[in-house]
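This report concerns only the one structure given below.
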Amino acid sequence: MRHKIFLLAMPLMLLACHRETHFITDAGYRAQVEKDFEARKLLASGRATELFSVMDTSLSLEETEAMQFLYAYMPYSDLADYDGIFFLKQVRTAFAARDTFSWGRTVPEEIFRHFVLVYRVNNENLDTARMYIFNELKGRLKGMTMYDAALEVNHWCHEHVTYRPSDVRTSAPLATLRTGFGRCGEESTLAVTALRAVGIPARQCYTPRWAHCDDNHAWVEVWVEGQWRYLGACEPAAKLDMAWFTQPATRCMMVHTKAFGRYNGDEEVVRRTGLYSELNLLSHYADTRHITATVQDREGKPVREAQVKFKLYNYSEYYTLATMTTDADGQASITTGLGDLLVWACKDGKYGYAKIDVRKNDKIILKLTRSAGEEYVENLEINPPEGKFRDEGATEAEIAANACRLACEDSMRNAYLATFPTMSTVGVETHGRASLQPNPNLTDEQLQEIIRKCEGNYAEIIKFINNHADEKLAGEESVAFDLYPDVCHETWEKWNVLYDYLCSFSDKDLRDITADVLEAHCVIPSMNFVGWDYEIYKKGILPARISNEMVRPYRKELLSVFRDFTADSIFRWTAENIIVDDTGNYYRCPISPVGVYRLRHADAHSRDIFFIAACRSAGIPAYMDNATEQLFVYDVNKMNWQIVSFAEKQEPAKTGKLRLEYHGAAKLKPQYWSHFTIAKFENGDFVTFDYENDPRVASFPATLELEAGYYMLSTGNRYSDGAALSRLEFFNVSEGETVTKELVIRPLEARPGMVYGCVTPDMRVPINSEQHSLPELFGKNPLVLCYIEPDREPTKHLLNELSAMQKTFDEWKIPFLMVVPEGEERAFDPKRWHLPHDTKVAVDSNGLLLERLAAEKICFKTISRPLVLIVRPDGKVTFKSEGYRIGTAELIFKSL
């Protein structure tokens with residue numbers, strides 16, 4: 001009998017052995033994913049073959065469910081610009097990592113699904129970095145614990161990449177590796193990609209804006225052995241939960257991250273959609289309080305479905321940290337830090353706002369009593385959280401051993417960077433595999449400039465330049481005259497088309513663009529340009545770049561569609577055929593123009609980029625003003641640029657002018673973002689323009705042409721402790737009129753307790769092997785003492801700022817003393833930074849100077865560097881800044 005039962009059970013046992021396991025084991029969640037996947041298939045039907053044909057191949061059950069999960073929730077940019085083979089390789093490598101490393105199967109299903117499988121970190125351009133890094137590290141991590149492996153991955157990242165600021169577009173991880181540097185958003189994108197590549201859950205965390213200084217910062221959280229820990233991307237420390245930003249993060253008002261897909265973790269959700277959730281991680285780093293805003297109308301009745309925005313002062317604007325919608329009681333809540341926020345509410349054209357001091361209050365009432373058009377001035381003082389010291393727990397021996405590794409890794413990376421062409425080596429010589437040929441279209445100086453900018457991507461740029469070495473692109477015999485026979489020849493003769501074309505790309509473009517993409521945009525079909533001068537062509541046809549997008553080929557395909565279209569007909573086609581949904585492209589990575597055309601779904605910004613690209617492809621000059629995001633098309637009949645707006649239903653935009661004047665302190669030259677911003681009222685709130693480095697506001701008076709409307713001029717000034725004096729002026733710009741406004745920057749007032757200690761005459765430092773007392777270095781002026789950490793991001797920010805203000809400090813004859821701890825002096829080359837002329841360098845042997853400063857109670861022995869002190873000739877310390885702070889150089893100058 002038992003034998004018969006066994007024989008009957010055999011088929012069932014064999015079936016069970018061959019039954020595939022689900023990637024998503026929760027049947028309810030799996031059904032939701034399948035439903036969402038089918039909806040995305042319908043939405044992306046224009047790219048069905050490229051995206052979904054891979055699903056018809058021999059996929060395992062796990063692979064099928066993983067692909068469905070990714071397709072169901074990926075942003076429009078990924079549906080539009082990548083294919084199914086790309087995503088399948090991502091899935092298979094994620095599973096390979098899970099099965100290769102000892103910790104792979106210990107990661108919970110939900111954590112793996114949202115923070116390992118997902119290929120995108122933020123708004124970077126995608127590439128095959130996961131596959132490359134997996135193969136690079138799988139041998140190196142063999143035998144390690146998950147904890148040690150997380151640290152080791154970060155060391156690998158540091159071997160290849162260090163911090164350097166750059167523009168807003170986020171490079172793909174492999175481009176960052178090739179370049180050897182990146183801003184914090186790019187470093188953290190690389191580190192998260194690398195960690196996920198080896199099966200370690202990771203996510204990029206942002207404080208969208210600091211509270212105690214301008215700017216923001218991104219870092220990484222890793223899930224290790226059951227809990228989330230943090231690390232500084234490409235900045236390895238001796239342990240996890242240890243980084244230069246540990247102390248500044250205790251002063252944050254928000255730290256957030258995005259979770260791809262429908263996420264059910266236990267973190268506080270700031271925003272939840274059907275595609276992603278935005279999580280509030282602030283409690284991991286700072287003391288917090290849950291606050292509630294109640295929105296009321298004029299009569300005091302609660303307002304339902306009003307929009308509430310929690311705003312933080314930063315870069316002379318009030319940046320929105322989070323946006324909520326009020327419930328039936330008119331309430332919206334958030335967890336934030338113990339500082340000041342401006343809380344803004346709006347509905348149906350009405351708005352209201354108030355400042356809340358979270359240290360004292362957890363409730364605030366907002367009344368919708370204001371409307372567009374009201375002109376008035378508002379003064380506010382905004383105070384950040386105080387912050388606190390956190391013991392990170394590493395021993396001196398562990399810190400020293402880690403510092404030794406960092407120095408070795410720096411030398412490895414520097415050896416690679418030394419292979420890039422430089423101003424002294426570039427020319428018509430051989431650089432590795434690329435041989436630069438003489439070119440009639442570029443002078444030696446122009447060649448040097450372009451090759452220097454492209455850095456690690458020099459082979460691609462040299463390849464493109466060499467392709468055009470035998471044709472002349474300027475003057476009467478140039479190819480340009482054959483392509484554009486109706487152009488005014490006298491305006492073209494003096495221009496160099498090839499040089500101007502290359503200069504139309506950003507420095508970052510030159511570091512990651514390919515020769516093929518350059519060729520795709522350089523070869524422009526012959527068209528009738530009706531006698532335009534060269535400047536119109538240079539501004540509205542020549543550039544491939546339009547805004548902050550990754551440059552991809554688009555001219556050939558869009559020309560085949562829009563060859564005989566006018567600007568008006570392209571506008572109508574775009575308005576009628578492209579469905580705009582900003583939530584659908586939630587990572588805000590711009591979709592390529594071809595991707596927009598094929599997908600027919602886009603965010604508004606990508607739609608606008610597409611419109612300009614279509615116009616240029618059809619031979620119609622067009623551009624986007626990236627300060628205001630206004631669209632301009634050249635009107636052949638009126639011979640001028642016309643504003644085009646999808647919001648205005650193609651009616652000509654009505655414009656006026658704003659004249660800005662400055663009559664304040666002569667020593668201060670107001671800078672956009674640092675000192676002032678301009679914002680336009682749209683949908684109940686003010687949207688800030690981006691005039692950074694724009695020549696239109698480089699000097700005063702400055703006159704700007706703006707759309708008629710309601711505006712806000714915001715100015716600000718910070719104390720050294722991070723508190724800010726803010727001034728808001730609300731005004732109108734009327735059609736055809738000029739309104740004049742003065743930039744009023746509120747002066748900082750002397751505060752009690754502004755002396756931070758006193759330096760004694762016997763305090764000495766070694767300079768060029770000789771001991772000097774600090775008073776010997778003063779002369780008649782105060783001394784600026786900077787105790788730095790040369791290879792870390794906060795010090796690099798400070799050195800960049802001092803370099804930018806070198807001329808100003810030299811005019812005032814301000815002496816600087818850069819103090820480097822013993823053992824770190826090799827990491828600091830003062831000549832690289834172009835510091836003020838009167839700058840001396842001292843090495844703090846055995847930390848003796850720091851001990852003396854601590855003994856005088858000027859600072860703690862354990863400090864966050866850079867420590868910046870202003871020491872008066874009488875020894876009094878009248879300024880102190882410690883750790884990360886944007887704008888320190890200007891604070892130094894104002895304090896002097």
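The figures follow:
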{"item": "Length gained when the stretch N683-N216 is fully extended (0.36 nm per residue, less Cα-Cα span)", "result": "165.5 nm"}
{"item": "Relative intensity, log₁₀ I(q)/I(0), of the range 596-732 from a Debye sum that treats every alpha carbon as a point, q = 0.09, 0.20 Å⁻¹", "result": "-0.36, -1.30"}
{"item": "Accessible surface, 1.4 Å probe, highest first, among residues E63, E34, E793, E770", "result": "E770, E34, E63, E793"}
{"item": "Overall Cα dimensions of the range 9-120 - principal axes, largest extent first, Å", "result": "49, 32, 25"}
{"item": "All Cα pairs of the range 250-334, percent lying beyond 21 Å", "result": "39 percent"}
{"item": "Where the chain is the region considered: accessible area per residue in Å², 1.4 Å probe", "result": "43 Å²"}
{"item": "Scaled radius of gyration (Cα, divided by 2.2 N^0.38 Å) that the range 702-756 gives", "result": "1.61"}
{"item": "Using θ = phi - 60° and Karplus 6.51 cos²θ - 1.76 cosθ + 1.60, couplings along the range 619-629 (whole Hz; Gly, Pro as x)", "result": "x, 9, x, 7, 7, 10, 6, 6, 7, 10, 6"}
{"item": "Value of [θ]222 nm, deg cm²/dmol, for the chain, DSSP H segments ≥ 4, -39500 (n - 2.57) each, nearest 500", "result": "-9500 deg cm²/dmol"}
{"item": "Per-bin percent of Cα-Cα distances, the range 661-740 [10 Å]", "result": "16, 48, 31, 6, 0"}
{"item": "Percent of Cα-Cα distances greater than 16 Å, calculated over the range 632-685", "result": "66 percent"}
{"item": "Whole-angstrom gap from the range 850-875 to the range 126-158, using each part's C-alpha centre", "result": "39 Å"}
{"item": "List S720, S45, ordered by accessible area with a 1.4 Å probe, largest first", "result": "S45, S720"}
{"item": "Förster-model FRET efficiency, 25 Å R0, K657 and E692, C-beta, rounded to 0.05", "result": "0.75"}
{"item": "Length gained when the stretch R826-A665 is fully extended (0.36 nm per residue, less Cα-Cα span)", "result": "53.9 nm"}
{"item": "Lysines with Cα under 25 Å of K894, excluding same-chain neighbours fewer than 8 positions away", "result": "K667, K669, K741, K780, K796, K807, K813, K840, K857, K876, K880"}
{"item": "Mean shadow area of the chain, taken as a quarter of the surface of its Cα convex hull (nm²)", "result": "43.6 nm²"}
{"item": "F879 long-range amide H proximity, modeled H, under 5 Å", "result": "Y756, I870"}
{"item": "Surface accessible to a 1.4 Å probe, W641 within the full protein complex, Å²", "result": "60 Å²"}
{"item": "Rg followed by Dmax, in Å, when the range 532-683 is reduced to its Cα trace", "result": "17.3, 57"}
{"item": "The range 184-317: radius of gyration over Cα atoms, expressed as a fraction of 2.2 N^0.38 Å", "result": "1.20"}
{"item": "Accessible surface of the range 758-833 [probe 1.4 Å, protein heavy atoms]: carbon and sulfur percent", "result": "47 percent"}
{"item": "Evaluated at q = 0.16 Å⁻¹: base-10 log I(q)/I(0), Debye formula over Cα of the range 789-837", "result": "-0.45"}
{"item": "Estimated vicinal HN-Hα couplings, Hz - the range 71-87 in sequence order (Karplus 6.51, -1.76, 1.60; Gly, Pro = x)", "result": "4, 4, 10, 5, x, 4, 4, 7, 5, 8, 10, 9, 10, x, 4, 4, 6"}
{"item": "Cross-link pairs K538/K831; K301/K363; K654/K680 - those with Cα-Cα distance over 26 Å", "result": "K538/K831"}
{"item": "By accessible area with a 1.4 Å probe, ligands and nucleic acids excluded, highest first: order of R511, R298", "result": "R298, R511"}
{"item": "Sequence-distant lysines (8 or more away, or on other chains) whose Cα lies within less than 18 Å of K138", "result": "K89"}
{"item": "Förster radius 30 Å - calculated FRET efficiency between N361 and L748, Cβ distance, rounded to 0.05", "result": "0.70"}
{"item": "In Hz, Karplus ³J(HN,Hα) per residue of the range 181-191 (6.51, -1.76, 1.60; θ = phi - 60°; x = Gly, Pro)", "result": "7, x, 6, 4, x, 7, 4, 6, 4, 4, 5"}
{"item": "Förster radius 30 Å - calculated FRET efficiency between K857 and I767, Cβ distance, rounded to 0.05", "result": "0.75"}
{"item": "Those trypsin sites (Lys or Arg not before Pro) in the range 300-384 that DSSP places in a loop and that have at most 12 other beta carbons within 10 Å", "result": "K360"}
{"item": "Size-normalised alpha-carbon gyration radius of the range 99-209, reference 2.2 N^0.38 Å", "result": "1.03"}
{"item": "Inter-site label distance for E34 and K388 at 7 Å from Cα along Cβ, in nm", "result": "5.0 nm"}
{"item": "Estimated Rh, the range 714-824: Kirkwood, alpha-carbon pairs, angstrom", "result": "18.4 Å"}
{"item": "Ratio Rg/Rh [Cα only; Rh per Kirkwood] for the range 265-397", "result": "1.04"}
{"item": "Mean separation of Cα contacts under 8 Å, 6 or more apart, over the residue count of the chain: relative contact order %", "result": "9 percent"}
{"item": "Segment D148-K638, extension gain: residue separation times 0.36 nm, minus the distance between their alpha carbons", "result": "169.7 nm"}
{"item": "The range 513-621: trypsin sites (Lys or Arg not before Pro) falling in loop per DSSP and having at most 13 other Cβ within 10 Å", "result": "R563"}
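The values are calculated or read from the model by the stated rules, or taken from the named source; none is laboratory data. Note that the structure is a prediction, hence the values are computed from the model and not measured. So basically every Cβ, Gly included, is an ideal-geometry build from the backbone, and we count neighbours across all protein chains shown. SASA here: full protein model, heavy atoms, side chains in, ligands and nucleic acids out. Shrake-Rupley method; radii C 1.70, N 1.55, O 1.52, S 1.80 Å.
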